[in-house]
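Here the structure comes first, spelled out in structure tokens, and everything after it is commentary.
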Amino acid sequence: MHEFLQHLPAFAAQHGLLLAAFAALILALIVTEIMRLRRGWQDATPATVTRLLNRESALLIDVSPRAEYDKAHIPGAKHVAMDKFDPEHKDLAKLKEMPVVVCCRSGITSQRAAKRLVQAGFKNVHSLAGGIAAWRQADLPVAKGKS
């Protein structure tokens, strides 16, 4: 260890660009992690969603387009198209304390919905990471058609 510390100043002097890139990478990781922690909602795996549905009676909202929802959705999911999604709606306002899981086909649109729920004052918001594709990959059941 002592020898390593002796060579460190010489290494730093010879490889300044490499050390600058390393420092930038570390800074980017720290900023990304801080942003993830402050966003107010959490990514959820299919196993986490199953636990939330079974043990905490979470509200499950699918924000996929209607055609995608009809092809495959998680059993019990309530469909609300993203263009009609209103977290301020009076029926949702009374559910602000209960766990809410949002999902979509790929997990991208559900992140936008999760952000809107947090902005509306919901406290326990989750987005299914990877969307219905991750749900199916985990070999969990899907329903088809309108519900």
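The values are calculated or read from the model by the stated rules, or taken from the named source; none is laboratory data. No experiment lies behind these values; they were computed from the predicted model shown. For neighbour counting, all protein chains shown are included, and Cβ atoms are generated from backbone atoms with ideal geometry for every residue, glycine included. SASA here: full protein model, heavy atoms, side chains in, ligands and nucleic acids out. Shrake-Rupley method; radii C 1.70, N 1.55, O 1.52, S 1.80 Å.
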Residue pairs within 7 Å by beta carbon, gap of at least six or interchain, first lying in the stretch 119-147 and closer than 15 Å to residue 42 by Cα and of a type in the set (Phe, Trp, Tyr), second at pLDDT below 95 and open to solvent by 50 Å² or more (accessible area, probe 1.4 Å), listed first then second, are 122/96
Condition (residue is farther than 25 Å from residue 146 by Cα and in contact (Cβ under 8 Å) with a residue 24 or more places away in the chain) applied to the stretch 100-107: is it met by at least one residue?
no
Note on the stretch 71-85: residues among the aliphatic types (A, V, I, L, M) and under 13 Å from residue 101 (Cα atoms) are 74, 77, 80
Picked from the stretch 107-147 (must be of a type in the set (Val, Ile, Thr) and open to solvent by less than 20 Å² (accessible area, probe 1.4 Å)), the residue nearest to residue 77 (Cα to Cα) is 132
Residue set 50, 45; condition open to solvent by 50 Å² or more (accessible area, probe 1.4 Å), under 17 Å from residue 134 (Cα atoms), polar (S, T, N, Q) and touching a residue at least 40 places away in the same chain (Cβ under 8 Å); output residue 45
Does residue 40 qualify as being on the phi > 0 side of the Ramachandran plot, modelled with pLDDT under 85 and under 15 Å from the mean Cα position of the chain (by Cα)? yes
The one condition residue 38 fails out of (1) within 19 Å of residue 143 (Cα to Cα); (2) open to solvent by 30 Å² or more (accessible area, probe 1.4 Å) is (1)
Residue pairs within 9 Å by beta carbon, gap of at least six or interchain, first lying in the stretch 77-91 and open to solvent by less than 70 Å² (accessible area, probe 1.4 Å), second part of a strand (DSSP E or B) and not hydrophobic (A, V, I, L, M, F, W, C), listed first then second, are 77/62; 79/62; 79/73; 80/62
Inside the stretch 1-43, the number of residues satisfying the requirement of being within 30 Å of residue 116 (Cα to Cα) and not hydrophobic (A, V, I, L, M, F, W, C) is 8
With the first residue restricted to the stretch 20-39 and required to be in contact (Cβ under 8 Å) with a residue 12 or more places away in the chain, and the second required to be surrounded by 10 or more Cβ atoms within 10 Å (Cβ to Cβ) and among the β-branched types (Val, Ile, Thr), Cβ contacts under 9 Å at 6 or more apart or on different chains are 39/118
